[in-house]
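J.: I'd like to ask some things about the structure below.
None of the figures in this text is laboratory data; all of them are computed from the coordinates on show. Given the structure is predicted, the values throughout are model-derived calculations rather than measurements. Glycine also receives a Cβ, built like all others from the backbone with ideal geometry; neighbour counts cover every protein chain displayed.
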Amino acid sequence: MAGITIVFDFDKTIIDVDSDNWVVDELGSTDLFNHLLPTMPWNSLMDRMMMELHAQGKTIEDIKEVLRRAPIHPRIVPTIRTAHALGCDLRIVSDANTVFIETIVDHLGINDCFSEINTNPSYVDEQGRLRISPFIDFNSSPHGCTLCPPNMCKGMIIDRIQASLAKEGRQRIIYLGDGGGDFCPSLKLREGDFMMPRKNFPVWDLICKNRELLRAEVHEWIDGEDMEKIVIKLIEKIKIQDSIQLLAVDYKIETLPIALPPPVRVHQ
Ligand SMILES: [Mg+2]
Ligand SMILES: [Zn+2]
């Protein structure tokens, strides 16, 4: 069977909130965040906010405690487990950061389901501050994509995933996302792939307005329950398509030597 790779965005796709906003809001720094937002890129602002929280006496454990109670629809974890059990290769592509995502997927017990997490690197420094760096250093090597924020082009990550999958034979991709940053990767998907934009979220709006630019089949989803139904249906669909192709190959080999029946005469 050809492999199926499922790429998940994280914020508002796996969890039901934006993890950056969730941490800032729950730790009472919304006003400062909103005040600084017009002055710097989002990713740099999150690094700055982590320093501010540390200065206010908030520890990395306080941050992790907030992350562990981030809201998630009850059908998301079962969807991920089922897709993994069905042999799909699951990956996360997110503009959050490694500490936030690993804290949550560890807490949910689904760390083993993912072969790859592509996100902004983060670590706890000697003073106990969480530091967040851009996925791409936009000063030394800008990615040049006008659709994406300076620190990350998710389309570039899909390019890399597609290149590595190509070495393993024909592979199909299902991509799930909600945000404006998920539009660029949706344009990289090919015929035979599936794009699952969250209905009434920014990527859905962008896809509705630019449908002709997408080669992938589009299936919108509303919530975790809807996501589960569609993901499982698409996995089954891909498996059926692949088995029909295999049958077709067998059929050709077996039937080619047999002479075709004579044409039926048409009444005049
Ligand atoms: Mg998102
Ligand atoms: Zn891009």
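J.: For ASP89, which sequence-distant residues (separation of 5 or more, or a different chain) have an amide H within less than 5 Å of its own amide H, given hydrogens modelled in the peptide plane?
T.: Here the answer is ILE4, THR5, ILE6, since their amide H atoms fall under 5 Å of that of ASP89.
J.: Quick test of your reading: applying the under-4.7 Å Cβ rule, which cysteines of the chain are isolated?
T.: Cysteines of the chain left without a disulfide-compatible partner: CYS88, CYS113, CYS184, CYS208.
J.: Still on this structure, I have one more. Quick one: 3J(HN,Hα) in Hz for the range 18-34, Karplus 6.51/-1.76/1.60 with θ = phi - 60°, rounded, Gly and Pro as x.
T.: With the stated coefficients, the range 18-34 comes to 8, 4, 4, 4, 4, 5, 4, 5, 5, 9, x, 10, 4, 5, 5, 4, 5 Hz.
J.: Which three extents, in angstrom, do the Cα atoms of the chain have along their principal axes, listed largest first?
T.: 90, 36, 33
J.: Another question, then. LYS209 to ARG131: extension gain in nm, 0.36 nm per residue of separation minus the Cα-Cα distance?
T.: Numbers: separation 78, 0.36 × 78 = 28.08 nm, distance 3.73 nm.
Full extension of this stretch gives 24.3 nm more.
J.: Ok, one more. Would you mind checking the tilt of helix 76-85 against the longest principal axis of the Cα atoms of the chain, expressed as 0 to 90 degrees and rounded to 10?
T.: Computed tilt is about 50 degrees.
J.: Obtain the nm distance between the two label points defined at ARG160 and ARG75 by a simple spin-label model: each point lies 7 Å from its Cα along the Cα-to-C-beta direction.
T.: It works out to 3.3 nm between the two label points.
J.: Take ASP95, ASP205, ASP182 and order them by how many other Cβ atoms sit within 10 Å, fewest up front. The partial results should precede the final answer.
T.: Values: ASP95 26, ASP205 14, ASP182 31.
Least to most surrounded, the residues fall as ASP205, ASP95, ASP182.
J.: So for GLU52, GLU236, fewest C-beta neighbours within 10 Å to most, what's the order?
T.: Listing GLU52, GLU236 from fewest to most nearby Cβ atoms yields GLU236, GLU52.
J.: For the range 57-154, which GluC sites (Glu not before Pro) pass both filters: DSSP loop (anything but H, G, I, E, B) and at most 15 other C-beta atoms within 10 Å?
T.: Passing sites in the range 57-154 are GLU126.
J.: Kindly express, to the nearest 10 degrees and within the range 0 to 90, the angle between helix 98-108's C-alpha long axis and the longest C-alpha principal axis of the chain.
T.: Compared with the principal axis, the helix lies near 70 degrees.
J.: Quick one: angle between helix 224-255 and the longest Cα principal axis of the chain, in degrees between 0 and 90, rounded to 10, please.
T.: Roughly 30 degrees, rounded to the nearest 10.
J.: Related question: How large is the dipole of the chain about the Cα centre if only Lys and Arg carry +1 and Asp and Glu carry -1, each at its Cβ, rounded to the nearest 20 debye?
T.: Working: 29 positive and 40 negative charges, 233 e Å.
The dipole magnitude comes to about 1120 debye.
J.: Exposure proxy check: MET50, MET40, MET196 ranked by fewest other beta carbons within 10 Å?
T.: Lowest to highest Cβ neighbour count: MET40, MET50, MET196.
J.: Let me have the 222 nm mean residue ellipticity of the chain computed from DSSP H runs of 4+ only, each contributing -39500 (n - 2.57), with the sum over all residues rounded to the nearest 500. Could you put the intermediate results ahead of the total?
T.: Values: 10 runs with 118 residues, N = 268.
For the chain, the value works out to -13500 deg cm²/dmol.
J.: For the range 9-157, just run the numbers: alpha carbon Rg, then divide by 2.2 N^0.38 Å, N being how many residues it has.
T.: Working: Rg = 15.7 Å, N = 149, 2.2 N^0.38 = 14.7 Å.
Working it through for the range 9-157, the quotient is 1.06.
J.: What is the percent of Cα-Cα separations in the range 1-88 that go past 24 Å? Spell out each step's value before the answer.
T.: Numbers: 1349 of 3828 pairs.
When all Cα pairs of the range 1-88 are counted, 35 percent exceed 24 Å.
J.: How long are the semi-axes of the ellipsoid equivalent to the range 167-237, from square roots of 5 times the Cα gyration tensor eigenvalues, in whole Å, largest first?
T.: On the way: eigenvalues 69, 54, 17 Å².
Value: 19, 16, 9 Å, ordered largest first.
J.: Scan the range 172-218 for trypsin sites (Lys or Arg not before Pro) in coil per DSSP, keeping those whose Cβ has at most 16 other Cβ atoms within 10 Å, and list them by number. Walk me through the intermediate numbers first.
T.: Working: sites: ARG172, LYS188, ARG190, ARG198, LYS199, LYS209, ARG211, ARG215; in loops: ARG190, LYS199, ARG215.
Passing both the DSSP loop test and the Cβ count: ARG190, LYS199, ARG215.
J.: Let me ask something additional. Return a single number: how many Lys pairs in the chain, at a sequence separation of 8 or more or on separate chains, have alpha-carbon atoms below 23 angstrom apart.
T.: For the chain, the number of qualifying lysine pairs is 26.
J.: For VAL218, which sequence-distant residues (separation of 5 or more, or a different chain) have an amide H within less than 5 Å of its own amide H, given hydrogens modelled in the peptide plane?
T.: MET195
J.: With a cut-off of at most 12 other beta carbons within 10 Å, and DSSP calling the residue loop, which trypsin sites (Lys or Arg not before Pro) in the range 52-104 qualify? Please list them. Working shown, then result.
T.: Numbers: sites: LYS58, LYS64, ARG68, ARG69, ARG75, ARG81, ARG91; in loops: LYS58, ARG69, ARG75.
Sparse-neighbourhood loop trypsin sites (Lys or Arg not before Pro): ARG69.
J.: What FRET efficiency comes out for the pair GLN56/LYS199, r = Cβ-Cβ distance, R0 = 41 Å, nearest 0.05?
T.: Approximately 0.60, to the nearest 0.05.
J.: With equal scatterers on the alpha carbons only and no solvent term, can you work out the Debye log10 of I(q)/I(0) for the range 92-181 at 0.12, 0.13, 0.20, 0.25 1/Å?
T.: -0.46, -0.54, -1.13, -1.34
J.: Using the crude model of +1 on Lys and Arg Cβ and -1 on Asp and Glu Cβ, and no other charge, please compute the dipole size for the range 84-180 relative to its Cα centre, in debye to 20. Before the final figure, lay out the partial values.
T.: Values: 8 positive and 12 negative charges, 72 e Å.
I would put it at about 340 debye.
J.: Against the 2.2 N^0.38 Å scaling, with N counting residues, where does the range 132-259 land? I'd like the Cα-based Rg ratio to two decimal places.
T.: On the way: Rg = 18.4 Å, N = 128, 2.2 N^0.38 = 13.9 Å.
Normalised Cα radius of gyration, the range 132-259: 1.32.
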